[in-house]
Structure formats: C-alpha cells, structure tokens
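These notes concern the structure reproduced below.
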Amino acid sequence: MIKSAKLIITVICIVAIPLMAQTGKKKTCPRLLTNSSMVINIEGKFVNEEKNRTSVSIEWRHHSEALDTFFVTPYEKPKFTYITAGRYRYMEIGKEKLKRQLGLHHLRESIGNTPLRLDDLELLANGYFKCPDSLRQDQNPNVLATANSMTWWSLVLDSLALPEKAVMHGAFKKSRYFTISKWRSYAGETLPTLVNVASDNYGGIIWIRSAYPAQALVVDPIFKKKKPKMLLPVPKSFGRITVEGERKIPLILKLNEELLSK
C-alpha cells in the first residue's frame, strides 16, 4: 500500500512539473532592449564601492532565437565569456576557456571590480519580468517586477517609451539610478547612447560604442583589422634569391668569350 502511494505521488509530481513550467511561462512577460539579432559593444567606466577607478568592455551578441553571448573584458581581471539560454547559463574563463556552470544564485556575482553584476547580463539577454496583474487596477504600468533576478526586485521607469530616468530596487535595500542622456537609432533599433549610473556608494558612465545587425559583420567594425597586403611572387632571377637549375649565359657574354679565346 505504501509503495503504491509513493508511486502515485511520484507520477503526480512528474505530471505537475511541466504544468508548473507552462504556468510560469505565462506569468513572464519579457521586456527586451532589442528584439533584433544584433552585436552591441558596450563600454563602462566607474568609481566602485572601494572608491577605485575601474572599467569593463562588453561585446553583447544578442540572438532573437538562439543563445545570447557576452564577451567580457574587465579591467585588470581575466576575460570571460558569458553564455545564457534563459534556463541555463555558463561561463568560459581565460584563454584556456575553463567552463563553469552557473546557477541562479551565482547571478549576484560582480563583473570584475565594477558595480555591474551577472544578473544585469541575464536581464539584458532575456528580459525576464513578471506580467502585470490584470486584477489590480491601481498597479503602475511603469513599475516592472523582475521574474528570476537574484539581485533586483523591480525596475521603475519614468516612461515606457524612451525613458530618461530609471531606478532599480533590489536586495539589501540597494538601489541603482539611471539617467539616459540620449537615444539613438542603430540599424533601425533605438538604443540608449549614453547612460549615467549611480548608487549610494558608486557611480559611473555606460555607453554604446557601436551596434549593428548580427549577420552584417563578424567583428567590431571600429576595431576591424586591415587585411595584410598580398605579396606577389618574386621572380627567382631577382635579388639574392637562389635560382633553381643552371642559369643560362647571356648571348653577349658568349660572344665575348669567343673573341677572347681567339
């Protein structure tokens, strides 16, 4: 009897898991900075919590129907690649590309010595926010509640369309304030050009250096290396290059030899 009861409970749990997952999907309303597959190069300079100057360079390859990849170069820290598919994520660290699996609790980790966190990359890639509660008529549409973030609880915007001010509220009563100076069109996608970020104990600037469709270029157009000039093959009789086989004696030298021999 006990065995049969355990079997029934196990079957119920197995059936309930996909149903819960589908319910969770319905309650999540992704809000993405861009819906197009793009390569976005981001630069950030900060004065961190230790009052030290630090910076980071991020190449974000956003794909609408595939994995999102971030190539991260922190100041005086090893480079790493952050790959996320929403349900799972991992890092490749250093030149050896050491692979590290990441759980949700790892998203609180800082990116180098900067005030940015892995959670920020996750929000950029997947835009996981809870859907507004249709039963609450007093709910402010400009307050976006995060769905899976381990650091941030909400994002409050002064406007849903091209906001100029934004505040992120999170764990341990921490808040982050954004001031967006300007929005600009990059290949048909409108993105914030320059963003000032501040908190109680840090501050800095984030800007987009370049952005373009993912299928357009493989490398950043600003730092695209010039192709080396093709060197044409040099004739073997030129310069100090050794000539294969016997070298034919010019006709004038043959005539001189005949005259001298006589």
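Read the figures in this text as sums done on the coordinates, not as results from a lab. All values derive from a computational prediction rather than experimental measurement. Methodologically, a virtual Cβ is constructed for each residue, glycine included, from the backbone with ideal geometry; neighbour enumeration extends over all protein chains shown.
Taking other residues whose beta carbon is less than 12 angstrom from the beta carbon of D68, and scoring Lys, Arg as +1 and Asp, Glu as -1, yields -1.
Which entries in K95/K130; K51/K130; K99/K182; K130/K182; K27/K165; K77/K130 show an alpha-carbon gap greater than 32 Å? Working shown, then result.
Details: K95/K130 38 Å; K51/K130 35 Å; K99/K182 38 Å; K130/K182 27 Å; K27/K165 26 Å; K77/K130 34 Å.
Distance filter (> 32 Å) returns K95/K130; K51/K130; K99/K182; K77/K130.
With an 8 Å cut-off on Cα pairs and a minimum separation of 6 or more residues, tell me the relative contact order of segment 122-185 in percent. Value for segment 122-185: 20 percent. Peptide packing for 138-148, 198-208 was compared via the average number of neighbouring C-beta atoms within 10 Å per residue; ordered from the highest value, the list is 198-208, 138-148. Taking the Cβ-Cβ separation of K174 and C131 as r and a Förster radius of 22 Å, what is the calculated FRET efficiency to the nearest 0.05? Efficiency at R0 = 22 Å is approximately 0.30. Summing Lys, Arg as +1 and Asp, Glu as -1, what charge do residues with Cβ under 13 Å from the Cβ of I93 carry, I93 excluded? It works out to a net charge of +3. Between S159 and E43, the simple label model (points 7 Å from Cα in the Cβ direction) yields a spacing of 2.7 nm. As a size descriptor, the averaged projected area of the C-alpha convex hull of segment 168-213 was calculated at 3.9 nm². If you add up the charges near I42, with Lys and Arg at +1 and Asp and Glu at -1, over every other residue whose beta carbon is less than 10 angstrom from its beta carbon, what do you get? Surrounding charge for I42 is -1.
Descending by average beta-carbon neighbour count within 10 Å, the peptides 127-134, 68-75 line up as 68-75, 127-134, the highest first.
Computing Rg and the Kirkwood Rh from the Cα coordinates of segment 31-129 gives a ratio, Rg/Rh, of 0.95.
Highest-first packing order for the peptide set 53-63, 152-162 is 53-63, 152-162, based on the mean count of other beta carbon atoms within 10 Å.
For W207 and K182, calculate 0.36 nm times their separation in residues minus their Cα-Cα distance, and state this gained length in nm to one decimal.
Length difference between fully extended and current span is 8.0 nm.
Gyration tensor over the Cα atoms of segment 61-203: the corresponding equivalent ellipsoid has semi-axes (square roots of 5 times the eigenvalues, largest first) of 26, 18, 17 Å.
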